[in-house]
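In what follows, a single structure is set out as C-alpha coordinates and then discussed.
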Amino acid sequence: MTENSYDIPSYLHRDLLGIEGLTPPEISYLLDRSESFIEHNRQADKKLDILHGRTVINLFFENSTRTSTSFELAALRLGADVINMAVAQSSVRKGETLIDTAMTLNAMHPDILVVRHSESGAVKLLAEKVKCAVISGGDGSHEHPTQALLDALTIRRRRGDLSALTVAICGDVLHSRVARSNIHLLNTMGARVRLIAPRTLLPSKIEAMGVEVFHDMVEGLKDCDIVMMLRLQKERMAANFFPSAREYFHFFGLTYEKLAMTKPDALIMHPGPMNRGVEIDTEVADDYGRSVIREQVEMGVAVRMACLETLGLRNKDEAQERAP
Ligand code: ASP
(Lines give C-alpha, C1' and ligand atoms only; values in the text may rest on other atoms or scores of the structure.)
Protein backbone atom coordinates (compact mmCIF):
# COMPACT_ATOMS: atom_id res chain seq x y z
CA MET A 1 0.00 0.00 0.00
CA THR A 2 1.70 3.18 -1.07
CA GLU A 3 -1.06 5.52 -2.01
CA ASN A 4 -4.44 6.80 -1.10
CA SER A 5 -7.03 4.66 -2.82
CA TYR A 6 -9.69 7.38 -2.60
CA ASP A 7 -9.73 9.64 -5.65
CA ILE A 8 -11.71 12.36 -3.92
CA PRO A 9 -11.12 12.44 -0.20
CA SER A 10 -14.27 13.19 1.77
CA TYR A 11 -12.38 15.14 4.41
CA LEU A 12 -12.00 18.66 3.17
CA HIS A 13 -10.66 20.63 6.13
CA ARG A 14 -7.14 21.92 6.44
CA ASP A 15 -6.94 20.94 10.12
CA LEU A 16 -8.36 18.45 12.60
CA LEU A 17 -9.08 20.45 15.74
CA GLY A 18 -12.13 18.61 17.00
CA ILE A 19 -14.93 16.22 16.11
CA GLU A 20 -17.64 18.86 16.49
CA GLY A 21 -18.78 19.91 13.04
CA LEU A 22 -17.50 16.84 11.17
CA THR A 23 -20.09 15.03 9.06
CA PRO A 24 -20.79 11.27 9.13
CA PRO A 25 -19.04 10.78 5.74
CA GLU A 26 -15.95 12.64 7.00
CA ILE A 27 -15.79 10.48 10.11
CA SER A 28 -16.38 7.32 8.08
CA TYR A 29 -13.68 8.35 5.63
CA LEU A 30 -11.09 8.74 8.42
CA LEU A 31 -12.17 5.41 9.96
CA ASP A 32 -11.98 3.62 6.60
CA ARG A 33 -8.50 4.99 5.95
CA SER A 34 -7.46 3.95 9.47
CA GLU A 35 -8.76 0.45 8.81
CA SER A 36 -6.44 0.18 5.84
CA PHE A 37 -3.37 0.63 8.08
CA ILE A 38 -4.19 -1.93 10.77
CA GLU A 39 -2.89 -5.05 9.03
CA HIS A 40 0.01 -3.10 7.63
CA ASN A 41 1.10 -2.14 11.16
CA ARG A 42 1.23 -5.82 12.12
CA GLN A 43 3.83 -6.60 9.45
CA ALA A 44 7.58 -6.60 10.01
CA ASP A 45 8.20 -3.92 7.38
CA LYS A 46 6.08 -0.94 8.39
CA LYS A 47 7.63 1.83 6.36
CA LEU A 48 5.55 3.59 3.69
CA ASP A 49 6.44 6.60 1.58
CA ILE A 50 3.08 8.36 1.57
CA LEU A 51 4.45 11.42 3.36
CA HIS A 52 8.00 11.14 2.06
CA GLY A 53 9.67 14.53 2.23
CA ARG A 54 7.05 16.07 4.54
CA THR A 55 7.91 17.39 7.99
CA VAL A 56 5.75 16.74 11.02
CA ILE A 57 6.40 18.63 14.26
CA ASN A 58 5.00 17.29 17.52
CA LEU A 59 4.46 20.14 19.93
CA PHE A 60 3.22 18.91 23.30
CA PHE A 61 2.76 21.64 25.89
CA GLU A 62 1.23 19.07 28.22
CA ASN A 63 2.53 15.64 29.24
CA SER A 64 1.66 12.69 27.11
CA THR A 65 2.86 9.13 26.75
CA ARG A 66 0.66 7.21 24.35
CA THR A 67 -0.60 10.10 22.23
CA SER A 68 2.80 11.62 21.45
CA THR A 69 4.44 8.22 20.86
CA SER A 70 1.56 7.15 18.69
CA PHE A 71 1.70 10.30 16.52
CA GLU A 72 5.47 9.96 16.20
CA LEU A 73 5.24 6.32 15.14
CA ALA A 74 2.41 7.11 12.75
CA ALA A 75 4.37 9.87 11.03
CA LEU A 76 7.53 7.75 10.80
CA ARG A 77 5.62 4.83 9.32
CA LEU A 78 4.23 7.14 6.62
CA GLY A 79 7.77 8.14 5.74
CA ALA A 80 7.67 11.71 7.09
CA ASP A 81 10.49 13.44 8.93
CA VAL A 82 9.43 13.97 12.53
CA ILE A 83 10.66 16.40 15.13
CA ASN A 84 9.48 16.31 18.73
CA MET A 85 9.78 19.79 20.17
CA ALA A 86 10.55 19.45 23.85
CA VAL A 87 8.46 22.29 25.18
CA ALA A 88 9.94 21.97 28.67
CA GLN A 89 13.28 23.09 27.26
CA SER A 90 11.97 25.51 24.68
CA SER A 91 11.45 29.26 24.64
CA VAL A 92 7.83 28.68 25.62
CA ARG A 93 9.04 28.13 29.17
CA LYS A 94 10.93 31.41 28.92
CA GLY A 95 7.67 33.29 28.31
CA GLU A 96 7.30 33.13 24.53
CA THR A 97 3.67 33.60 23.50
CA LEU A 98 1.81 31.13 21.33
CA ILE A 99 1.83 33.69 18.52
CA ASP A 100 5.63 34.00 18.66
CA THR A 101 5.88 30.21 18.68
CA ALA A 102 3.69 30.15 15.57
CA MET A 103 5.93 32.70 13.81
CA THR A 104 9.00 30.62 14.65
CA LEU A 105 7.37 27.45 13.38
CA ASN A 106 6.22 29.11 10.15
CA ALA A 107 9.80 30.00 9.37
CA MET A 108 10.73 26.30 9.57
CA HIS A 109 8.12 25.26 6.95
CA PRO A 110 6.63 22.18 8.60
CA ASP A 111 3.78 20.46 6.76
CA ILE A 112 1.82 19.25 9.77
CA LEU A 113 1.87 20.29 13.42
CA VAL A 114 0.50 18.01 16.11
CA VAL A 115 -0.31 20.12 19.15
CA ARG A 116 -1.43 19.38 22.69
CA HIS A 117 -2.10 22.22 25.11
CA SER A 118 -3.56 22.46 28.61
CA GLU A 119 -5.84 25.38 27.65
CA SER A 120 -9.07 24.75 25.75
CA GLY A 121 -8.92 26.71 22.50
CA ALA A 122 -5.13 27.13 22.43
CA VAL A 123 -4.67 24.65 19.56
CA LYS A 124 -7.22 26.54 17.46
CA LEU A 125 -5.47 29.83 18.19
CA LEU A 126 -2.17 28.38 17.05
CA ALA A 127 -3.80 26.86 13.96
CA GLU A 128 -5.03 30.32 12.94
CA LYS A 129 -1.49 31.64 13.02
CA VAL A 130 0.48 28.89 11.30
CA LYS A 131 0.60 28.15 7.61
CA CYS A 132 0.51 24.36 7.83
CA ALA A 133 -2.11 21.80 8.81
CA VAL A 134 -2.70 21.30 12.52
CA ILE A 135 -3.94 18.19 14.30
CA SER A 136 -5.07 18.53 17.89
CA GLY A 137 -3.57 16.05 20.33
CA GLY A 138 -5.98 17.39 22.96
CA ASP A 139 -6.74 20.89 24.26
CA GLY A 140 -7.67 21.39 27.91
CA SER A 141 -11.03 19.85 28.67
CA HIS A 142 -12.32 20.73 25.19
CA GLU A 143 -11.59 18.03 22.58
CA HIS A 144 -9.29 15.10 21.81
CA PRO A 145 -10.40 14.17 18.30
CA THR A 146 -8.00 11.33 17.54
CA GLN A 147 -8.98 9.60 20.80
CA ALA A 148 -12.65 9.62 19.76
CA LEU A 149 -11.71 8.32 16.30
CA LEU A 150 -9.63 5.47 17.72
CA ASP A 151 -12.43 4.61 20.14
CA ALA A 152 -14.91 4.55 17.25
CA LEU A 153 -12.59 2.37 15.18
CA THR A 154 -12.20 -0.09 18.07
CA ILE A 155 -15.98 -0.26 18.56
CA ARG A 156 -16.76 -0.49 14.84
CA ARG A 157 -14.37 -3.41 14.34
CA ARG A 158 -15.91 -5.31 17.27
CA ARG A 159 -19.56 -4.35 16.97
CA GLY A 160 -20.15 -2.94 13.48
CA ASP A 161 -22.61 -0.11 12.91
CA LEU A 162 -22.29 2.51 15.65
CA SER A 163 -25.88 3.64 15.21
CA ALA A 164 -27.20 0.42 16.72
CA LEU A 165 -25.33 0.87 20.00
CA THR A 166 -25.83 2.34 23.46
CA VAL A 167 -22.60 3.70 24.91
CA ALA A 168 -22.15 4.65 28.57
CA ILE A 169 -19.40 7.20 29.30
CA CYS A 170 -18.64 7.08 33.02
CA GLY A 171 -16.76 9.23 35.50
CA ASP A 172 -15.06 12.61 35.35
CA VAL A 173 -16.94 14.05 32.38
CA LEU A 174 -16.42 17.61 33.62
CA HIS A 175 -12.68 17.63 32.94
CA SER A 176 -12.65 15.20 30.03
CA ARG A 177 -11.85 16.20 26.45
CA VAL A 178 -12.16 12.48 25.63
CA ALA A 179 -15.80 12.52 26.75
CA ARG A 180 -16.60 15.65 24.75
CA SER A 181 -15.07 14.33 21.51
CA ASN A 182 -16.75 10.97 21.99
CA ILE A 183 -20.15 12.56 22.61
CA HIS A 184 -19.84 14.53 19.35
CA LEU A 185 -18.69 11.51 17.37
CA LEU A 186 -21.18 9.01 18.75
CA ASN A 187 -24.09 11.43 18.36
CA THR A 188 -23.05 12.27 14.81
CA MET A 189 -22.92 8.57 13.95
CA GLY A 190 -26.33 7.91 15.52
CA ALA A 191 -25.36 5.99 18.68
CA ARG A 192 -27.22 6.53 21.97
CA VAL A 193 -25.00 8.15 24.57
CA ARG A 194 -25.43 7.92 28.33
CA LEU A 195 -23.30 9.79 30.84
CA ILE A 196 -22.91 8.33 34.32
CA ALA A 197 -21.23 10.56 36.89
CA PRO A 198 -21.62 12.28 40.23
CA ARG A 199 -23.32 15.67 39.89
CA THR A 200 -20.06 17.41 40.80
CA LEU A 201 -18.26 15.87 37.81
CA LEU A 202 -20.79 16.78 35.13
CA PRO A 203 -20.88 20.12 33.31
CA SER A 204 -24.18 21.96 33.80
CA LYS A 205 -26.74 21.62 30.99
CA ILE A 206 -24.81 18.71 29.45
CA GLU A 207 -28.15 17.17 28.34
CA ALA A 208 -28.16 19.81 25.61
CA MET A 209 -25.45 17.76 23.89
CA GLY A 210 -28.04 15.05 23.27
CA VAL A 211 -27.09 12.64 26.05
CA GLU A 212 -29.02 10.89 28.81
CA VAL A 213 -27.65 11.58 32.29
CA PHE A 214 -27.45 9.12 35.19
CA HIS A 215 -25.96 9.45 38.65
CA ASP A 216 -26.16 5.79 39.47
CA MET A 217 -23.95 3.20 37.76
CA VAL A 218 -26.39 0.31 38.18
CA GLU A 219 -29.17 2.27 36.51
CA GLY A 220 -27.02 3.85 33.80
CA LEU A 221 -25.21 0.67 32.75
CA LYS A 222 -28.43 -1.28 32.19
CA ASP A 223 -28.27 -3.01 28.77
CA CYS A 224 -25.36 -0.92 27.48
CA ASP A 225 -23.22 -2.26 24.63
CA ILE A 226 -20.10 -0.27 25.48
CA VAL A 227 -18.72 1.03 28.78
CA MET A 228 -16.19 3.84 28.46
CA MET A 229 -14.47 4.66 31.72
CA LEU A 230 -12.79 8.03 32.23
CA ARG A 231 -9.77 8.87 34.37
CA LEU A 232 -10.32 11.06 37.40
CA GLN A 233 -8.32 14.09 36.22
CA LYS A 234 -6.95 15.25 39.54
CA GLU A 235 -4.53 17.64 37.86
CA ARG A 236 -7.50 19.67 36.60
CA MET A 237 -9.34 19.75 39.91
CA ALA A 238 -9.03 23.00 41.79
CA ALA A 239 -11.43 21.86 44.51
CA ASN A 240 -12.67 18.63 46.10
CA PHE A 241 -15.21 17.06 43.78
CA PHE A 242 -15.77 13.87 45.84
CA PRO A 243 -15.05 12.83 49.45
CA SER A 244 -12.34 10.18 48.84
CA ALA A 245 -10.96 7.86 46.16
CA ARG A 246 -12.37 4.95 48.16
CA GLU A 247 -15.86 6.34 48.16
CA TYR A 248 -15.59 7.23 44.47
CA PHE A 249 -14.63 3.63 43.68
CA HIS A 250 -17.53 2.34 45.73
CA PHE A 251 -20.09 4.34 43.76
CA PHE A 252 -18.50 4.91 40.35
CA GLY A 253 -15.62 2.44 39.99
CA LEU A 254 -16.28 -0.26 37.39
CA THR A 255 -16.49 -3.67 39.10
CA TYR A 256 -17.86 -7.02 37.92
CA GLU A 257 -20.90 -6.41 40.08
CA LYS A 258 -21.82 -3.21 38.23
CA LEU A 259 -20.80 -4.69 34.89
CA ALA A 260 -23.44 -7.38 35.36
CA MET A 261 -26.03 -4.73 34.42
CA THR A 262 -24.72 -4.32 30.85
CA LYS A 263 -25.37 -6.60 27.91
CA PRO A 264 -23.36 -9.81 28.54
CA ASP A 265 -20.86 -9.03 25.77
CA ALA A 266 -20.45 -5.30 26.51
CA LEU A 267 -16.98 -3.98 25.80
CA ILE A 268 -14.89 -2.15 28.41
CA MET A 269 -12.85 0.84 27.29
CA HIS A 270 -10.52 3.36 28.93
CA PRO A 271 -8.40 6.01 27.17
CA GLY A 272 -5.55 5.64 29.65
CA PRO A 273 -3.73 6.33 31.80
CA MET A 274 -5.82 4.34 34.28
CA ASN A 275 -6.19 4.92 37.99
CA ARG A 276 -6.60 1.26 38.93
CA GLY A 277 -8.78 0.78 41.97
CA VAL A 278 -10.23 4.28 41.58
CA GLU A 279 -12.34 4.40 38.39
CA ILE A 280 -11.82 0.77 37.40
CA ASP A 281 -11.18 -2.47 39.24
CA THR A 282 -7.84 -3.90 38.20
CA GLU A 283 -9.24 -7.34 37.30
CA VAL A 284 -11.93 -5.80 35.12
CA ALA A 285 -9.33 -3.68 33.32
CA ASP A 286 -7.23 -6.78 32.59
CA ASP A 287 -10.13 -9.01 31.55
CA TYR A 288 -9.17 -9.31 27.89
CA GLY A 289 -12.35 -11.19 27.06
CA ARG A 290 -14.18 -7.89 27.61
CA SER A 291 -11.59 -5.15 27.95
CA VAL A 292 -10.36 -3.63 24.66
CA ILE A 293 -8.00 -1.15 26.30
CA ARG A 294 -4.88 -2.57 24.57
CA GLU A 295 -6.70 -2.63 21.25
CA GLN A 296 -7.52 1.07 21.66
CA VAL A 297 -3.79 1.81 21.79
CA GLU A 298 -3.18 -0.25 18.65
CA MET A 299 -6.01 1.51 16.80
CA GLY A 300 -4.51 4.83 17.87
CA VAL A 301 -1.51 4.42 15.59
CA ALA A 302 -3.70 3.51 12.59
CA VAL A 303 -6.03 6.45 13.22
CA ARG A 304 -3.14 8.89 13.50
CA MET A 305 -1.67 7.54 10.26
CA ALA A 306 -5.02 8.15 8.57
CA CYS A 307 -5.25 11.71 9.91
CA LEU A 308 -1.65 12.56 8.97
CA GLU A 309 -2.11 11.02 5.53
CA THR A 310 -5.37 12.85 4.91
CA LEU A 311 -4.10 16.27 5.94
CA GLY A 312 -0.62 15.70 4.49
CA LEU A 313 -1.91 14.75 1.05
CA ARG A 314 -4.67 17.31 1.07
CA ASN A 315 -2.31 20.14 1.89
CA LYS A 316 0.42 19.06 -0.49
CA ASP A 317 -0.56 21.36 -3.32
CA GLU A 318 -1.65 24.22 -1.10
CA ALA A 319 1.55 24.29 0.93
CA GLN A 320 3.36 26.09 -1.85
CA GLU A 321 0.70 28.78 -2.03
CA ARG A 322 0.72 29.35 1.69
CA ALA A 323 4.49 29.68 1.92
CA PRO A 324 5.47 33.34 2.47
N1 ASP B 1 -5.08 10.48 27.68
C2 ASP B 1 -6.35 11.16 27.66
C3 ASP B 1 -6.18 12.66 27.51
O4 ASP B 1 -5.10 13.11 27.24
C5 ASP B 1 -7.19 10.81 28.82
C6 ASP B 1 -6.65 11.18 30.17
O7 ASP B 1 -5.57 11.77 30.28
O8 ASP B 1 -7.34 10.86 31.12
O9 ASP B 1 -7.14 13.39 27.65
Candidates Arg158, Arg194, Arg199, filtered to the one that is away from the ligand (no atom under 16 Å from the Cβ), basic (Lys, Arg) and touching a residue at least 40 places away in the same chain (Cβ under 8 Å): Arg158
Test result for Thr262, polar (S, T, N, Q), surrounded by fewer than 23 Cβ atoms within 10 Å (Cβ to Cβ) and over 30 Å from Tyr29 (Cα atoms): yes
Boolean, Arg294 is surrounded by 16 or more Cβ atoms within 10 Å (Cβ to Cβ), within 25 Å of Ala74 (Cβ to Cβ) and within 16 Å of the ligand (Cβ to nearest atom): no
Residue that is farthest from Thr23 (Cα to Cα) [pool: residues in segment 171-191 that are within 12 Å of the ligand (Cβ to nearest atom) and among the hydrophobic types (A, V, I, L, M, F, W, C)]: Val173
Condition met for Thr69 (surrounded by fewer than 20 Cβ atoms within 10 Å (Cβ to Cβ), modelled with pLDDT of 95 or more and within 16 Å of the ligand (Cβ to nearest atom)): yes
When residues of segment 121-152 are limited to those that are within 16 Å of the ligand (Cβ to nearest atom) and more than 25 Å from Leu31 (Cβ to Cβ), the one nearest to the chain's Cα centre (by Cα): Gly140
Residues located in segment 223-278, provided they are within 15 Å of the ligand (Cβ to nearest atom) and β-branched (Val, Ile, Thr): Val278
Check on Ile206, over 20 Å from Gln296 (Cα atoms), surrounded by 24 or more Cβ atoms within 10 Å (Cβ to Cβ) and more than 16 Å from the ligand (Cβ to nearest atom): no
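The values are calculated or read from the model by the stated rules, or taken from the named source; none is laboratory data. On a predicted model such as this, the values are computed, not experimentally measured, just so you know. All Cβ positions, even for glycine, are placed from backbone atoms using ideal geometry, and neighbour counts span all protein chains on display.
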